[in-house]
Each structure stands twice: as structure tokens, then as C-alpha cells.
Amino acid sequence: MVSKKMESLEEIFAPVIGKIAFSLKQTHGSCFFVEFGDPHLRIREPIVLRPGASEKSKISLRRRRVFVVGTWSLLVQDCNWTLTNEQRSVCQADAPEDMENVFRGVEGQYLVSASVDEATKTFTLEFDLGGNLKLWSRSDRDPDLDPDEDQWRLHCKDGSSVGYTNDGSIAVESASDPDKT
């Protein structure tokens, strides 16, 4: 992994501008994915189980799983966020069912801009039909944050990814990183 101080996030997101957002989905707690660009299938083949795996794991891992993903997948993970669409807004503290309603409203919108306020380290994505996603550090809730922890990470179809950390650095992983999972 390579860390760089405040390289242009606008440049990193330039290929994503003009692409459609789809499949906004909550993963766990306040974490969620936004898919961008052309949809394609990602197939996870069945996984050989270790001895002693739980029955629930056995059932899940024996199955082939198929996911519709975009050319780019944005994982919003360890940050504060607000997502606004049509005078409705949700944030990381809201109930999943409230998030779901606003997620559906942003799906199908094209990304029109990506910008960062360097003073507050707030990253903003704006969409063509009024959707707006703001992401910023949760240091106000947790002053002992790891400065190297990702707030969010943009995954590319080729396996590379770019993360934005709590200290405002950009962490780049190439598709050929040996410790990439």
C-alpha cells in the first residue's frame, strides 16, 4: 500500500464522473456500497471449508454467489456521512429502513462532481437529480481514531483501490499488491 498526502481526489474520481450510481446497499451498521459505471457480474465460487466450521458457515460458503457490481464500487465505512435526496436526508446514525428509502432515491442518478474541502477533510459527491453525499472523519465522536484508518475506499474493476484516511491521506492499493485481499 502507498500513502500520499492530499493528492487530488477530484483527479481520482474523474473517470467516475458522468457514470450512473446503482445498487446502494447497506453492509453492516452504517457502512454501505455505491456502485458506479457499467454493471457486471462478480461470481464467488464455493469455498472449501475448514474442519470445525459452523453449520451456518457451511451453508453459506458451499454456495456459489453472484453479485451485480459496477466498474467502480465505493465502500463508505468508518466515517460520518449524510446522504440527501429530494429534501430527505439520512446519516450514519439513522435506522436501516430510513437509509433504504434515500438509497433508492439516489439510484439511477449520474455522478456530476466530486470535491474535497481540505480544511474540514469533507468529501462531497453530487448527482444530477439532486442527490448529495457528504463524507467526513468521525473524530468528533472518537478522538482516538487511527489516523491511517480508511473513511471510505473506491474499488476498481481491475482490483486496485483508493482509500481516504482519517488524517486526509490517500492510500492506494494496486491490483498486484501481494497482501491485498
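At a glance:
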item: The range 2-173: relative contact order as a whole-number percent, Cα under 8 Å and 6+ apart; result: 25
item: Inter-probe distance in nm under a simple model that places probes 7 Å from Cα toward Cβ, at Ser160 and Phe67; result: 2.1
item: Shape of the range 68-137, Cα gyration tensor, a/c cut at 1.5; result: rounded
item: Longest to shortest principal axis, alpha-carbon extents of the chain, angstrom; result: 51, 36, 33
item: Between the range 40-117 and the range 127-152, the Cα center-to-center distance that results, in Å; result: 16
item: Net lengthening on full extension, Gln26/Thr124 (0.36 nm per residue, minus Cα-Cα); result: 33.4 nm
item: Virtual spin-label span in nm between Lys56 and Tyr110, 7 Å along Cα→Cβ; result: 4.3
item: Size of electric dipole in the chain: Cβ of Lys, Arg +1 and of Asp, Glu -1, about Cα centre, debye, nearest 20; result: 1100
item: Computed magnitude of the charge dipole of the range 105-172 (debye, nearest 20; Cβ of K, R +1, Cβ of D, E -1); result: 220
item: Exposure proxy ranking, count of Cβ atoms within 10 Å, fewest first, for Tyr164, Tyr110; result: Tyr110, Tyr164
item: Helix axis angle, 96-106 relative to the chain longest principal axis, alpha carbon, degrees; result: 70
item: Longest DSSP-loop-exposure-free segment, trypsin sites (Lys or Arg not before Pro), the chain, at most 13 other Cβ within 10 Å; result: 65-140
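Where a number appears in this text, it was derived from the coordinates with a stated rule and is not lab data. This one's a predicted model, so the numbers in the text were calculated from it and none came from an experiment. Note that each Cβ is placed from the backbone with ideal geometry, even for glycine, and that neighbours are counted across all protein chains shown.
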